[in-house]
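Enquirer: Structure incoming, see below.
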Amino acid sequence: MRALVLFSAMVLGAASFAAGPLEMLRGRWEPFLAGDIESLVSSYAPSAEAFLLGTPFQGFAKREDLRASWEALFGTLKPTDLSVISELEIPETRTAFAELKLKAESGDEEMELRLLWAVAFDEGSAVVAEDLIVYGLPEVKQPPLADGAVGEGEYPHAVEAAGVTFRWLNGTLLLFGALESPGKGWVAVGFDPDYAMKGANIIFGWVKDGEAHVEDHYGSGATSHRRDKVSHILIAAGKEGREGTTIEFVIPLVTGDPRDKDLERGKSYPIILAYHKSYDGMRRHTARGKVEIKLD
């Protein structure tokens, strides 16, 4: 079963710009539906970078590639309608996220697609980073989908420790992760701990009665953790079967939460992996290990 956590909008302080990041993200939808490449491209800051997946242009784009990526997308389909599944903003990082349904035309065919769209803005309202993830466009490699089932080749990277496999893909703003455990209890990954568990940004998940429970924690001590007051899990899902437990999730690389660790592209980080063979909820692990990952 799929779980979704939404953030409520927060009041911006006097030092913030007039429009919030969510309002500015919505402002990109009109030129998107109109196929107005000039408006979309002109809103980028000079150093802007975008990540596109599930589109004819796959991967990271800068400078002239930004225009080429939009031209490739609009050369394949004509958007006709957008509807919101969920949306949120994180004012501390000037970032907005939306999960959308897209109706579009491709030649004589009408299709329904799903979008994940995340954008970060600078103080002058220019786009500095953008992730556009499209699901369902034919003849392109499909992006990771948080549905609790990991397909072959879905994630480009994987590490293993203590019997737990962690798979991942990152864009400029988002991290897509998958945990595969041999147990029927909880499974967890902790990012960039200071010592043992202390300081780690921890994602816990388990499946009970067919329902996924995925929580955002932080390492409060070497052998202790607490649940974050504000969850920064954007989308999560999980399934349990004969082979064990699978949890998938999407989180921001940077949340603005002092209890979280910022994750940066191109850098390596230690992570801790752990699971319990049978217990759903919080109980001392059956096995625990540590390994390193590197973000694209």
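Enquirer: List the strands (runs of 3 or more DSSP E) inside the stretch 94-207, counting only whole elements, that have at least 2 residues being surrounded by 19 or more Cβ atoms within 10 Å (Cβ to Cβ) and free of Cβ contacts under 8 Å to residues at least 12 places away in the same chain.
Expert: none
Enquirer: Quick test of your reading of the structure: Gly281 fulfils all but one of (1) assigned to a loop (DSSP other than H, G, I, E, B); (2) surrounded by 16 or more Cβ atoms within 10 Å (Cβ to Cβ). Name the failing condition by number.
Expert: (2)
For every residue, the table says whether it meets (1) touching a residue at least 60 places away in the same chain (Cβ under 8 Å); (2) farther than 23 Å from Trp206 by Cα.
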{"residue": "Asp262", "(1), (2)": "no, yes"}
{"residue": "Ser278", "(1), (2)": "yes, no"}
{"residue": "Lys290", "(1), (2)": "yes, no"}
{"residue": "Asp296", "(1), (2)": "yes, yes"}
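Enquirer: Using the structure shown, decide if Glu30 is of a type in the set (Asp, Glu), more than 29 Å from Tyr155 (Cα to Cα) and outside the structural domain of Leu234 (by TED's automatic domain parsing). Reasoning before the result, please.
Expert: Numbers: of a type in the set (Asp, Glu): yes; more than 29 Å from Tyr155 (Cα to Cα): yes; outside the structural domain of Leu234 (by TED's automatic domain parsing): yes.
Judged against the criteria, Glu30 is a match.
Enquirer: Among Ala188, Ala158, Ala162, which is the only one that is among the small types (Gly, Ala, Ser), at positive phi and in contact with a strand residue (DSSP E or B) (Cβ under 6 Å, 6 or more places away or on another chain)?
Expert: Only one candidate qualifies: Ala162.
Enquirer: Which one is modelled with the lowest pLDDT, of the residues in the stretch 227-241 that are surrounded by fewer than 21 Cβ atoms within 10 Å (Cβ to Cβ) and part of a strand (DSSP E or B)?
Expert: For the stretch 227-241, the residue satisfying everything is Arg227.
Enquirer: Among the residues in the stretch 57-76, are any part of a strand (DSSP E or B), in contact with a Lys or Arg (Cβ under 8 Å, 6 or more places away or on another chain) and under 27 Å from His232 (Cβ atoms)? Before the answer, list the steps.
Expert: Applying the first criterion (part of a strand (DSSP E or B)) to the stretch 57-76 yields 59-62.
Cutting the leftovers down to in contact with a Lys or Arg (Cβ under 8 Å, 6 or more places away or on another chain) gives us none.
Checked against the condition, which is being part of a strand (DSSP E or B), in contact with a Lys or Arg (Cβ under 8 Å, 6 or more places away or on another chain) and under 27 Å from His232 (Cβ atoms), the stretch 57-76 yields no hits at all.
Enquirer: When only residues in the stretch 63-87 that are surrounded by fewer than 13 Cβ atoms within 10 Å (Cβ to Cβ) and within 20 Å of the chain's Cα centre (by Cα) count, which is nearest to Glu105 (Cα to Cα)?
Expert: Ser83
Enquirer: Please go through the stretch 208-226 and give me each residue that is at pLDDT below 90, more than 20 Å from Asp262 (Cβ to Cβ) and part of a strand (DSSP E or B), ordered by number.
Expert: Scanning the stretch 208-226 gives Gly221, Ser224.
The values are calculated or read from the model by the stated rules, or taken from the named source; none is laboratory data. Please read these numbers as outputs of a predicted model, since none were measured by experiment. All Cβ positions, even for glycine, are placed from backbone atoms using ideal geometry, and neighbour counts span all protein chains on display.
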